[in-house]
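Structure, as structure tokens:
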Amino acid sequence: MYSHKKYINKLRTNKLPYKVHIITNNNKCVEIPFNRYEYPNLMELIVDTYYEDIGECLGRGLCGTCHVKLIEGSLNDIITVTEKETLNQVNYFDETSRLSCQIILDEKINNLTFKIITDNK
Ligand code: FES
């Protein structure tokens, strides 16, 4: 059955200029189209589109549940002190780690691939 949500998403995504690829915690790669600044950050786009169980602190950069790793592409972005401190406390942290709530939805992330990192990787 084709759900109303999927139908609305299909209509919405046909016209959007940018896209980001997300590898979910069950290793499925999904393409998420977006408009510049459509959501305050990448975490909110992921949650609204795929309902992943992330974003516990609602984007304040404190909980680490929105941990992602940049798998493909490069992102020249400033990482705040708060983001660095939170990342230092999450499991599986490495130099590709970011908090998706601290990544702005704009052309800099167009065509990049991020993997959601959870406690079970
Ligand atoms: S939502 Fe909590 S650190 Fe990103």
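Every read-out reported here was derived from the displayed coordinates using simple, explicitly stated rules and does not represent laboratory data. Values in this document were obtained by computation on a predicted structure and should not be read as measured data. Backbone-built Cβ (ideal geometry, glycine too); neighbour counts: all protein chains shown.
Numbers below:
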item: Exposure proxy order (Cβ contacts within 10 Å, fewest to most) of Cys63, Cys57; result: Cys57, Cys63
item: Length-normalised contact order of the chain in % [C-alpha pairs under 8 Å, at least 6 apart]; result: 35
item: Mean ellipticity per residue at 222 nm, deg cm²/dmol - from DSSP H runs of n ≥ 4 across the chain, formula -39500 (n - 2.57); result: -6000 deg cm²/dmol
item: 5 angstrom amide H check on Cys63, placed H, neighbours 5+ away; result: Cys57
item: Solvent-free Debye scattering, log10 I(q)/I(0), computed from the Cα coordinates of segment 16-116 at q = 0.15, 0.23 Å⁻¹; result: -0.52, -1.35
